[in-house]
1. Mind putting a number on the dipole of the chain about its Cα centre? Charges go on the C-beta only, +1 for Lys and Arg and -1 for Asp and Glu, and I need it in Debye to the nearest 20.
2. Ignoring ligands, DNA and RNA, what accessible area per residue does the chain give at 1.4 Å, in Å²?
3. Out of [x] 13.8; [y] 20.6; [z] 14.3, which label holds the value of Kirkwood radius over Cα pairs in Å that was computed here?
4. Got a sec? Charge dipole of the chain, +1 on Cβ for Lys and Arg, -1 for Asp and Glu; which of Gly37, Val82, Ile23 is way out at the positive end?
5. Name the residues whose placed amide hydrogens come within less than 5 Å of the amide hydrogen of Arg26, ignoring near sequence neighbours (fewer than 5 apart) on the same chain.
6. May I ask you to derive the FRET efficiency for Lys5 and Thr50 from their Cβ-Cβ distance with R0 = 41 Å, giving the value to the nearest 0.05?
Amino acid sequence: MRKIKKGDDIVITSGKDKGKRGIVLRFETDNYAVIQGLNKIKKHVKPNPTKSTVGGITEIEKPIHISNIAIYNITLKMADRVDLS
């Protein structure tokens, strides 16, 4: 059972975006989540006229492992553990 679900307000606990808050958009696999506006990378894209895509440098959100995120508690204003009982 997953403790973190789609739409949860989370905070990143480690990595380059440590301390930043975001919302879970989707899960790539059971252990990787995509967070809105966080863990962005720049990707170079070649133009493809058959698919009508323009080339250039784009920013995309990469998945982050769920061990590096925690639920954000609004009352405590910090990361919190989830109790399933």
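1. Rounded to the nearest 20 debye, it is 280 debye.
2. For the chain, the per-residue accessible area is 75 Å².
3. [z]
4. Final value for the positive-end residue is Gly37.
5. Hits under the 5 Å cutoff: Val34.
6. 0.60
The values are calculated or read from the model by the stated rules, or taken from the named source; none is laboratory data. Computed from a predicted model, the values in this text were never measured in an experiment. Backbone-built Cβ (ideal geometry, glycine too); neighbour counts: all protein chains shown. With ligands, DNA and RNA removed, areas are computed over all heavy atoms of the protein, side chains included. Shrake-Rupley method; radii C 1.70, N 1.55, O 1.52, S 1.80 Å.
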